[in-house]
Amino acid sequence: MTSRISPVFLTTLVLLFASFAGQTAAQDASTISTAQNVLPGVHRTSDARFENLDAYPWQPNYMYIDGLRVHYLDEGQGPAGVMLLLHGEPSWSFLYRNMIPTFLESGYRIIAPDMIGFGKSDKVIDLEWYTVDSHVAILQELITKLDLNNITVFVQDWGGPNGLITATEMPDRFERLIVMNTWLHHEEYEYTDALRGWNVRSQSRDFTQFVLPPIPDPAYRAPFDSQQATAGALRWPWMLPFAQPEEGAAQRQERAFNALANWNEPAHFFFGDQDQVFTVDWGRKFSAHVPGSTFDVIEGASHFVQETGEPLAKLIMQRIAEE
């Protein structure tokens with residue numbers, strides 16, 4: 001199975017769908033807050049949107065952090081340790097559905113959160129809430145409240161800044177990095193034309209100029225049941241550090257990048273060779289920056305390399321066994 005879905009394509013689709021859904025499904029925020037005990041200014045996607053997802057059979061878990069409901073999967077007993085699976089834009093924990101069974105069979109406890117604004121987690125309507133620092137704060141609080149240790153963290157897309165900042169700031173809790181098609185901002189980093197284009201395209205809510213073809217999997221549009229639900233998906237591409245260094249935590253990202261030069265735990269990199277956003281050439285450079293790391297090219301895979309599923313999961317377990 002390959003993963004040729006473009007991040008620009010998928011982001012455009014979910015936001016387009018939400019703009020149409022908003023005409024019939026959007027509700028007044030105050031009504032939502034009263035009916036579902038949601039904070040004012042916060043949207044919560046109806047649970048009905050996530051019914052009948054046969055490929056995602058796991059029970060939801062919720063934690064309230066600063067009044068926001070954070071959804072996460074918590075599966076397995078974990079004698080081998082914890083695997084913390086982080087998604088990016090505009091996906092959610094569903095992205096790992098075809099990898100989780102292999103990890104459970106290998107004896108890991110699986111923690112897979114949905115970031116605020118995505119999946120089954122609450123969605124703050126105010127665009128200004130969404131910064132790297134806000135996402136990292138939620139993630140670090142989740143780790144602390146669950147008292148997670150011996151963590152193997154999986155990062156991809158925006159999961160990279162969130163997860164790698166967290167790993168370098170809480171190193172005693174982490175024992176391994178799994179890095180897939182992502183980056184950390186630093187002075188020498190060269191943003192691709194595809195990534196710069198992603199930033200530009202995302203800055204307009206007028207998505208009616210695009211044709212809405214079928215979305216490959218309904219589960220990816222399930223969280224976005226109205227225009228109010230799309231703030232997080234809209235905001236992440238805006239705050240790329242070359243465009244918004246404060247919101248994108250440019251300095252904090254660079255500190256994490258520099259810290260990885262002294263990382264003394266295992267690290268394994270897996271980059272899809274069809275990704276025009278975070279290329280294989282960049283992946284090789286990133287891996288070379290982290291001492292003792294391994295690097296694998298996933299042929300035929302694009303940005304959402306997790307869609308490769310079980311073959312990738314088994315390769316990851318092979319690299320772990322070889323440590």
Quick check, is ILE111 outside any strand (DSSP E or B) and buried (at least 24 other Cβ atoms within 10 Å of the Cβ)?
-> no
Identity of the residue in region 205-232, at pLDDT below 55 and of a type in the set (S, T, N, Q), that ends up surrounded by the fewest Cβ atoms within 10 Å (Cβ to Cβ) | GLN209
Tell me which of these GLN59 doesn't satisfy, since it passes every other one: (1) modelled with pLDDT of 95 or more; (2) buried (at least 17 other Cβ atoms within 10 Å of the Cβ); (3) on the phi < 0 side of the Ramachandran plot.
-> (2)
Just wondering, is there one or more residues in region 160-178 that are touching a strand residue (DSSP E or B) at 6+ places or on another chain (Cβ under 7 Å) and among the hydroxyl-bearing types (Ser, Thr, Tyr)?
-> no
If only one of LEU104, LEU164 is among the hydrophobic types (A, V, I, L, M, F, W, C), crowded, with 24+ Cβ neighbours inside 10 Å and in a helix (DSSP H, G or I), which one is it?
-> LEU164
Residues within region 281-292 that are in a loop (DSSP other than H, G, I, E, B) and buried (at least 19 other Cβ atoms within 10 Å of the Cβ), tallied | 1
Could you count how many residues in region 114-161 are part of a loop (DSSP other than H, G, I, E, B) and either free of Cβ contacts under 8 Å to residues at least 24 places away in the same chain or surrounded by fewer than 18 Cβ atoms within 10 Å (Cβ to Cβ) (or both)?
-> 5
With criteria (1) in contact with a His (Cβ under 7 Å, 6 or more places away or on another chain); (2) on the phi > 0 side of the Ramachandran plot, SER93 comes up short on (2)
With PHE270, PHE278, PHE242 as the choices, which residue is touching an Asp or Glu at 6+ places or on another chain (Cβ under 9 Å), at negative phi, aromatic (Phe, Trp, Tyr) and assigned to a loop (DSSP other than H, G, I, E, B)?
-> PHE278
Selection from region 163-188 of residues that are among the aromatic types (Phe, Trp, Tyr) and either farther than 29 Å from GLY300 by Cα or free of Cβ contacts under 8 Å to residues at least 40 places away in the same chain (or both) = PHE174
Check on GLU175, over 19 Å from the mean Cα position of the chain (by Cα) and either of a type outside the set (Ser, Thr, Tyr) or farther than 16 Å from LEU84 by Cα (or both) = yes
Does any residue of region 212-227 turn out to be touching a Gly at 6+ places or on another chain (Cβ under 8 Å) and assigned to a helix (DSSP H, G or I)?
-> yes
Condition test on GLU265, is it part of a loop (DSSP other than H, G, I, E, B), in contact (Cβ under 8 Å) with a residue 24 or more places away in the chain and either closer than 29 Å to ILE116 by Cβ or more than 21 Å from the chain's Cα centre (by Cα) (or both)?
-> yes
Could you tell me whether region 11-28 includes any residue that is surrounded by fewer than 22 Cβ atoms within 10 Å (Cβ to Cβ) and at pLDDT 95 or above?
-> no
Among the candidates ILE125, ILE138, ILE110, single out the residue that is closer than 30 Å to GLU246 by Cα and touching a helix residue (DSSP H, G or I) at 6+ places or on another chain (Cβ under 6 Å).
-> ILE125
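The values are calculated or read from the model by the stated rules, or taken from the named source; none is laboratory data. Computed from a prediction, not measured in an experiment: that's the story for all the values here. Counting neighbours? That spans all protein chains shown, and the Cβs are built from the backbone with ideal geometry, glycine included.
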